[in-house]
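> To start, I am sharing the structure in question, which I have written as structure tokens.
The values are calculated or read from the model by the stated rules, or taken from the named source; none is laboratory data. Because the structure is a prediction, the values reported are computed rather than measured. So basically every Cβ, Gly included, is an ideal-geometry build from the backbone, and we count neighbours across all protein chains shown. Only protein heavy atoms, including side chains, enter the accessible area calculation; ligands, DNA and RNA are left aside. Shrake-Rupley method; radii C 1.70, N 1.55, O 1.52, S 1.80 Å.
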Amino acid sequence: MTAHIVATVRVHDREKFGAYIQAVAGLAETFGGEYVLRGKVAEVMEGDVDPAEMVVVLRFPDAERARAYVNSPQYQAGKALRLNGGGVVESRLLV
């Protein structure tokens, strides 16, 4: 069953966050993933949302591959580059 990772992103330091982006570039595809959507929030329609927030949606063939992507050593190494003030990523798995 197809699975999606939906992430909200807040960038605090573009240089540190850029290092994270470079580290994970192309990684989702190695797990069968593809980017469905990447962009800034155009309009807050409901709730308390930071209008500078970005949203990323990735599609994977199944939940196992989505989890493998997030738990991979390569993703974890990239994640470490942004944790020291680069930004915040909040991810959800939808199946």
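> Kindly establish whether Arg92 is loosely packed, with under 15 Cβ neighbours inside 10 Å, assigned to a strand (DSSP E or B) and at pLDDT 95 or above.
So Arg92 passes the test.
> Okay, moving on. Which ones in the range 64-95 are more than 15 Å from the chain's Cα centre (by Cα) and more than 16 Å from Gly18 (Cβ to Cβ)?
Glu64, Pro73, Val95
> Quick one: how many residues across the range 3-38 are open to solvent by 70 Å² or more (accessible area, probe 1.4 Å), part of a loop (DSSP other than H, G, I, E, B) and farther than 15 Å from Lys79 by Cβ?
0
> Cβ-Cβ below 9 Å, separation at least six or inter-chain, first residue in the range 1-17 and in contact (Cβ under 8 Å) with a residue 40 or more places away in the chain, second of a type in the set (S, T, N, Q) and outside any helix (DSSP H, G or I): which pairs?
As it stands, the answer is Ile5/Ser91; Val6/Ser91; Ala7/Ser91; Thr8/Ser91; Asp13/Asn84; Lys16/Asn84, since those pairs meet every condition given.
> What is the one condition in (1) touching a residue at least 40 places away in the same chain (Cβ under 8 Å); (2) open to solvent by 90 Å² or more (accessible area, probe 1.4 Å) that Arg67 does not satisfy?
Arg67 satisfies every listed condition except (1).
> If you take the residues in the range 39-64 that are in contact with a Ser or Thr (Cβ under 8 Å, 6 or more places away or on another chain), open to solvent by less than 40 Å² (accessible area, probe 1.4 Å) and in a loop (DSSP other than H, G, I, E, B), which one is modelled with the highest pLDDT?
Ranking the qualifying residues of the range 39-64, first place goes to Asp62.
> Of everything in the range 70-83, what is loosely packed, with under 14 Cβ neighbours inside 10 Å and among the aliphatic types (A, V, I, L, M)? Give them in sequence order.
Correct list: Ala77, Ala80, Leu83.
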